[in-house]
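Visitor: Sharing a structure here in structure tokens format.
Just so you know, all these numbers are worked out from the coordinates, no wet-lab data involved. These figures come from a predicted structure and were not determined experimentally. Cβ placement follows ideal geometry from the backbone for every residue including glycine, while neighbour counts extend to all protein chains displayed.
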Amino acid sequence: MTELSAAHDAAVTDRDRLAGSAYSSDRDLAARQSLYRWQTPRYDLPGIVAEQLSGVRGSVVDVGCGNGRFIRRLRDDRPDLALLGLDLAPGILAGVPGPVAVADATHLPLATASVDAALALHMLYHVPDIPRAVRELSRVVAADGMVIASTNSDRDKAELDDLWQRAAGDVLGTGRGPARISLSARFSLEKAGVFLGEEFGRVETIELPGTITVREPEPVIAHMASYRAWADQHDVPFADTIERARTILLEHLARYGTFEVTCLGGILVCHR
């Protein structure tokens, strides 16, 4: 992706937008998560995280825990662990099994070296000062502990970016419209290792490539519509563009039977 604009950074990291709209509930996050039901190979991401934590004993903090997907899995698989969920958005914590607390990733309410592992899963791109958040993760984890982060590649879901620009162009009558906002671009898989390497001597990247194949438009449309909190950043009528994308998808599916989306995400396992 080309150099990000200041407006993009501000929109993706704005606390009021994140807490008050994007993650005021788990509706939009769940829509983005649900698209992976149609991916092959289908990765059990919470299971992969639990496996990476197999050698950890004691306490684990999930920073930016969202709707608690990983906490729930760890409660089932690892009842021996003391788990804490933290998130900037109070609304999304409503359904997360406690203990949970509202907290900022750059000011973690934890003592130095007080946890044995920390999770930062698909969230560091929302932090205005990523290096500071990485330092905080390093600070709160014990010397022999670990940090697990995750994000998407700059090349992830390029077909959805293309679909958006086609639909936006049709709505605007310009042939090809402006790009949609990219949530993960500030801390993409290509950039994450550099950020994390400032604090951790060993960073292992586990890439998770796959292909999502749908035979009806709704999973894709729900995913695209989940960006509604950033509708004002798209320079195009958001609802009209979503509906035009639905029509394009229906035409594609009628002709080809399936629509494919290429995915590339990854997990980064960090040790000192």
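Visitor: Hey, could you check the range 45-59 for residues that are of a type outside the set (A, V, I, L, M) and over 13 Å from LEU121 (Cα atoms) and say which is nearest to the chain's Cα centre (by Cα)?
Guide: So the first thing to find is which residues in the range 45-59 are of a type outside the set (A, V, I, L, M), and the list is 46-47, 51-52, 54-55, 57-59.
Filter again for over 13 Å from LEU121 (Cα atoms), leaving 47, 51-52, 54-55, 57-59.
Working: GLY47: 17, GLU51: 20, GLN52: 19, SER54: 23, GLY55: 25, ARG57: 26, GLY58: 26, SER59: 23 Å.
Filtering the range 45-59 for residues that are of a type outside the set (A, V, I, L, M) and over 13 Å from LEU121 (Cα atoms), the one nearest to the chain's Cα centre (by Cα) comes out as GLY47.
Visitor: Pairs, please: C-beta under 6 Å, at least 6 apart or cross-chain, first residue more than 30 Å from SER5 (Cα to Cα) and in contact (Cβ under 8 Å) with a residue 24 or more places away in the chain and in the range 234-258, second β-branched (Val, Ile, Thr) and not in a helix (DSSP H, G or I)?
Guide: Hits for this filter: THR258/THR213.
Visitor: Looking at the range 137-165, which of the residues that are in contact (Cβ under 8 Å) with a residue 40 or more places away in the chain and in a helix (DSSP H, G or I) is surrounded by the most Cβ atoms within 10 Å (Cβ to Cβ)?
Guide: Of everything passing the filter in the range 137-165, LEU137 is surrounded by the most Cβ atoms within 10 Å (Cβ to Cβ).
Visitor: As an exercise: evaluate TYR36 against (1) of a type outside the set (Asp, Glu); (2) out of contact with any Cys (no Cβ under 9 Å at 6 or more places or on another chain); (3) within 25 Å of LEU88 (Cα to Cα) and give the number of the one condition it does not meet.
Guide: TYR36 satisfies all of (1) of a type outside the set (Asp, Glu); (2) out of contact with any Cys (no Cβ under 9 Å at 6 or more places or on another chain); (3) within 25 Å of LEU88 (Cα to Cα) except (2).
Visitor: Do we have LEU249 as in contact with a Phe, Trp or Tyr (Cβ under 7 Å, 6 or more places away or on another chain), farther than 17 Å from ASN152 by Cα, among the hydrophobic types (A, V, I, L, M, F, W, C) and surrounded by 14 or more Cβ atoms within 10 Å (Cβ to Cβ) here? Lay out the reasoning, then the answer.
Guide: On the way: in contact with a Phe, Trp or Tyr (Cβ under 7 Å, 6 or more places away or on another chain): yes; farther than 17 Å from ASN152 by Cα: yes; among the hydrophobic types (A, V, I, L, M, F, W, C): yes; surrounded by 14 or more Cβ atoms within 10 Å (Cβ to Cβ): yes.
Yes; evaluated as a whole, the condition is true for this residue.
Visitor: Pairs under 6 Å by beta carbon, first residue within 24 Å of GLU204 (Cβ to Cβ) in the range 170-191, partner acidic (Asp, Glu), six or more apart or different chains?
Guide: SER188/ASP154; GLU190/ASP154
Visitor: Of the numbered conditions (1) in contact (Cβ under 8 Å) with a residue 24 or more places away in the chain; (2) surrounded by fewer than 23 Cβ atoms within 10 Å (Cβ to Cβ); (3) outside any loop (DSSP other than H, G, I, E, B), ALA133 fails exactly one; give the number of that condition.
Guide: (2)
Visitor: While we're on this one: Filter the range 166-197 for residues that are within 18 Å of GLU251 (Cβ to Cβ) and in a helix (DSSP H, G or I) and give the result. Working first, answer last.
Guide: Residues of the range 166-197 within 18 Å of GLU251 (Cβ to Cβ): 166-171, 175-177.
Within the range 166-197, ARG166, ALA167, ALA168, GLY169, ASP170, VAL171 meet the criteria.
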